[in-house]
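The values are calculated or read from the model by the stated rules, or taken from the named source; none is laboratory data. All figures in this text were calculated on a predicted structure; none of them were measured in a lab. Because the Cβ atoms are built from the backbone with ideal geometry, glycine has one as well, and the counts that use them run over all protein chains shown.
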């Protein structure tokens, strides 16, 4: 169980069981790509300075500095977008529902929720050598709701999460069945 995590729209008796983000390795891969781009900018700068003895005195030097600055700005924005996408994409599993928070760019966020009683099937998949070694993968939750499939992308320990969702679903179905019986009998 997760300690004191609260979110807007949380019900009174609702408890957060899991708060999930993508596996850290996914962000590391994006960071590695950005580092390659940074080293590419550094290489270009030194290449032009080493090929000509007095390159800093030519009219092309200012153009190179401008292009390098523009490239740095582009890389910084790309890093920021990737960080926001990694950090703000989340899945919250509570004792009543699953909430999918999907951040798309800077100013677009999509939030979907699914009651545990609407779940029809839960599937986990780990594909590849690195995901198998680092234990991350995807989970697909088939539903009977308006959104037919919830997908948890590249989360840590997908098999454990799948088992926990199935257990929570069964517990919620038993609870709803007991409440339904009480309602039919007229008990309070």
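Taking only pairs six or more apart or across chains, which ones have beta-carbon atoms under 8 Å, a first residue in the stretch 167-188 that is within 17 Å of residue 120 (Cβ to Cβ), and a second residue that is in a helix (DSSP H, G or I) and at pLDDT 80 or above? Sorted first by the residue in the stretch 167-188, then by its partner, the pairs are 168/116; 169/116; 169/117; 172/116; 172/117; 173/116; 173/117; 176/117. Is there a residue being surrounded by 12 or more Cβ atoms within 10 Å (Cβ to Cβ), in contact with a helix residue (DSSP H, G or I) (Cβ under 7 Å, 6 or more places away or on another chain) and assigned to a helix (DSSP H, G or I) anywhere in the stretch 87-97? No, every residue in the stretch 87-97 fails to be surrounded by 12 or more Cβ atoms within 10 Å (Cβ to Cβ), in contact with a helix residue (DSSP H, G or I) (Cβ under 7 Å, 6 or more places away or on another chain) and assigned to a helix (DSSP H, G or I). Checked against the criterion of being out of contact with any helix residue (DSSP H, G or I) (no Cβ under 6 Å at 6 or more places or on another chain), touching a residue at least 60 places away in the same chain (Cβ under 8 Å) and assigned to a helix (DSSP H, G or I), the candidates 65, 26 yield just one match: 26.
So that you can scan it fast, the table gives a plain yes or no per residue for (1) under 30 Å from residue 40 (Cα atoms); (2) exposed (fewer than 12 other Cβ atoms within 10 Å of the Cβ); (3) assigned by TED's automatic domain parsing to the domain that holds residue 34; (4) modelled with pLDDT under 90:
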{"position": "53", "(1), (2), (3), (4)": "yes, yes, yes, yes"}
{"position": "62", "(1), (2), (3), (4)": "yes, yes, yes, yes"}
{"position": "78", "(1), (2), (3), (4)": "yes, no, yes, no"}
{"position": "100", "(1), (2), (3), (4)": "no, no, no, no"}
{"position": "113", "(1), (2), (3), (4)": "no, no, no, yes"}
{"position": "117", "(1), (2), (3), (4)": "no, no, no, yes"}
{"position": "133", "(1), (2), (3), (4)": "no, yes, no, no"}
{"position": "145", "(1), (2), (3), (4)": "no, no, no, yes"}
{"position": "154", "(1), (2), (3), (4)": "yes, no, no, no"}
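Just one of the listed residues (7, 46, 74, 39) is modelled with pLDDT under 90 and in a helix (DSSP H, G or I), and it is 46. Scanning the stretch 176-186 for any residue that is touching a helix residue (DSSP H, G or I) at 6+ places or on another chain (Cβ under 8 Å) and closer than 15 Å to residue 98 by Cβ turns up nothing.
You will find that of 107, 80, 46, the residue that is more than 30 Å from residue 13 (Cβ to Cβ) and more than 19 Å from the chain's Cα centre (by Cα) is 46 and no other.
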